[in-house]
Amino acid sequence: MQAESSANQSSDQGHKGTLFLWPDHWQVLGRLMPNRPHRHISASLLIGVDGPFRICVDAIWRETRAAIVAPDVSQALDPGNTRLWGVQLDPDSIHWRSLKSLTAGKASADLSLSGLELPGSGEHRCGAMAQSLANVIAHSGHAPVELDDRIATVCRLLREELPERLELTSLAQRVELSSSRLTHLFRQQTGVPLRRFLLHLKMNRALAFWEPGKSVSRLATEAGFYDQPHLVRTARDMFDALPSAYVTAGWFRVCRCGLAEDPG
């Protein structure tokens, strides 16, 4: 799978934004739909490209121009007429660990955009979007929060193997921890439960495997879910909708980044 070519993108006149997919995070740039409270396993970075928006975190609404929300925190969005740049960062990723200190241990925090150049609302190049995120991280001025080597190993194993179900005892033995210690340490280090992290990885796989005409039942099988209802329940819990609904309706174009050289 490759990032879409400039020729294809130039013909997508009806799209309202672009979805950029990487193995450890994804970004969306454009007009988002309002959503009800849901809990991403990833951390959320939300920036109004041309104005403020409203966000609800743990049942409290506020207006902001830029916010970051920690993993596994209830949130809802009212974008109004503002185009948004949204970034979903895996809880073990270097990107989130570089921005984590901005929350000061809280569920969310507003960010200053002073001196920060935002991506253009019509941007569709993977390289440019990756650089924009790198600029935000550099702007934050924080070093990445360290991740325990054993937890990093568990995250890597789950990404590589993506098991249908979590075999906690076996996984703990592979990093020389007890099951209870692994469960506690994983939550402490990443901010999310181990089982929900595995579901998050499967949702990322479903996004990466989506293509026009593919049935939800086939997508569920390819992404490692038990069945179609399991995928749908997980998507509604984490996103308040199937993320592919944006694409099916022609709302977003999709660029699969980090899997091939970025043509732009």
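Could you check LEU116 against (1) in contact with a His (Cβ under 9 Å, 6 or more places away or on another chain); (2) under 16 Å from PRO91 (Cβ atoms) and say which number it fails?
(2)
Could you look through the stretch 122-146, keep only residues that are more than 19 Å from the chain's Cα centre (by Cα) and assigned to a loop (DSSP other than H, G, I, E, B), and pick out the one that is farthest from GLN189 (Cα to Cα)?
By that ranking, first place goes to GLY122.
If a residue must be in a loop (DSSP other than H, G, I, E, B) and basic (Lys, Arg), how many such residues does the stretch 15-46 contain?
So the first thing to find is which residues in the stretch 15-46 are in a loop (DSSP other than H, G, I, E, B), and the list is 15-16, 22-24, 31-34, 40-42.
Then drop every residue that is not basic (Lys, Arg), which leaves 16, 31.
So the count comes out to 2.
Restricting to the stretch 204-244, and then to whatever is buried (at least 16 other Cβ atoms within 10 Å of the Cβ) and polar (S, T, N, Q), can you tell me which residue is modelled with the highest pLDDT?
Checking each candidate, the answer is ASN204.
Being among the small types (Gly, Ala, Ser) and under 19 Å from the mean Cα position of the chain (by Cα): is that true of ALA172 here?
Details: among the small types (Gly, Ala, Ser): yes; under 19 Å from the mean Cα position of the chain (by Cα): no.
Taking the combined requirement at face value, the residue does not satisfy it.
Considering every residue within the stretch 215-222, establish whether at least one is touching an Asp or Glu at 6+ places or on another chain (Cβ under 9 Å) and touching a residue at least 60 places away in the same chain (Cβ under 8 Å).
No, the stretch 215-222 contains no residue that is touching an Asp or Glu at 6+ places or on another chain (Cβ under 9 Å) and touching a residue at least 60 places away in the same chain (Cβ under 8 Å).
Would you check which residues across the stretch 207-238 are of a type in the set (Ser, Thr, Tyr) and touching a Phe, Trp or Tyr at 6+ places or on another chain (Cβ under 8 Å) and list them? Please lay out each step first, then the result.
First, the residues of the stretch 207-238 that are of a type in the set (Ser, Thr, Tyr): 215, 217, 221, 226, 234.
THR234, the sole residue that qualifies.
Has the stretch 154-161 got at least one residue that is within 24 Å of ASP227 (Cβ to Cβ) and either without any contact (Cβ under 8 Å) to a residue 40 or more places away in the chain or surrounded by fewer than 16 Cβ atoms within 10 Å (Cβ to Cβ) (or both)? Steps first, answer last, please.
Our first condition is that a residue be within 24 Å of ASP227 (Cβ to Cβ); within the stretch 154-161, this holds for 158-161.
Add one more test, that the residue is either without any contact (Cβ under 8 Å) to a residue 40 or more places away in the chain or surrounded by fewer than 16 Cβ atoms within 10 Å (Cβ to Cβ) (or both), and what stays is 160-161.
Among the residues of the stretch 154-161, at least one is within 24 Å of ASP227 (Cβ to Cβ) and either without any contact (Cβ under 8 Å) to a residue 40 or more places away in the chain or surrounded by fewer than 16 Cβ atoms within 10 Å (Cβ to Cβ) (or both), which makes the answer yes.
Would you mention how many residues in the stretch 79-118 are more than 16 Å from VAL28 (Cβ to Cβ) and over 16 Å from the mean Cα position of the chain (by Cα)?
Within the stretch 79-118, the first condition is being more than 16 Å from VAL28 (Cβ to Cβ), and the residues that meet it are 80-81, 91-94, 96-117.
Of the ones still in play, those that are also over 16 Å from the mean Cα position of the chain (by Cα) are 80-81, 101-107, 109-117.
Number satisfying all stated conditions: 18.
Can you name the number of the only condition in (1) part of a helix (DSSP H, G or I); (2) in the same structural domain as VAL28 (by TED's automatic domain parsing); (3) among the basic types (Lys, Arg) that LYS106 fails?
For LYS106, the failing item is (1).
Do we find that ALA172 is free of Cβ contacts under 8 Å to residues at least 24 places away in the same chain, in a helix (DSSP H, G or I) and under 29 Å from ARG253 (Cα atoms) in this structure?
Working: free of Cβ contacts under 8 Å to residues at least 24 places away in the same chain: yes; in a helix (DSSP H, G or I): yes; under 29 Å from ARG253 (Cα atoms): no.
Taking the combined requirement at face value, the residue does not satisfy it.
Is it the case, given these coordinates, that TRP251 is modelled with pLDDT under 95, touching a His at 6+ places or on another chain (Cβ under 9 Å) and not acidic (Asp, Glu)?
yes
Select the helices (runs of 4 or more DSSP H) contained entirely in the stretch 180-246, then report the ones holding at least 3 residues which are in the same structural domain as GLU161 (by TED's automatic domain parsing) and over 17 Å from the mean Cα position of the chain (by Cα). Full working, then the answer.
Numbers: elements: 194-209, 216-223, 228-239.
Result: 216-223, 228-239.
Among the residues of the stretch 178-195, is any closer than 20 Å to ASP24 by Cβ and β-branched (Val, Ile, Thr)?
yes
Among the residues that make up the stretch 167-174, is at least one of them touching a helix residue (DSSP H, G or I) at 6+ places or on another chain (Cβ under 6 Å), buried (at least 18 other Cβ atoms within 10 Å of the Cβ) and within 21 Å of ARG97 (Cα to Cα)?
no
Return yes when LEU99 is on the phi < 0 side of the Ramachandran plot and either touching a Gly at 6+ places or on another chain (Cβ under 8 Å) or at pLDDT 95 or above (or both) and no when it is not.
Working: on the phi < 0 side of the Ramachandran plot: yes; either touching a Gly at 6+ places or on another chain (Cβ under 8 Å) or at pLDDT 95 or above (or both): yes.
It is true that LEU99 is on the phi < 0 side of the Ramachandran plot and either touching a Gly at 6+ places or on another chain (Cβ under 8 Å) or at pLDDT 95 or above (or both).
The values are calculated or read from the model by the stated rules, or taken from the named source; none is laboratory data. Since the structure is predicted, the reported quantities are computational estimates derived from the model, not experimental observations. Note: ideal-geometry Cβ built from the backbone for every residue, glycine included; neighbour counts use all protein chains shown.
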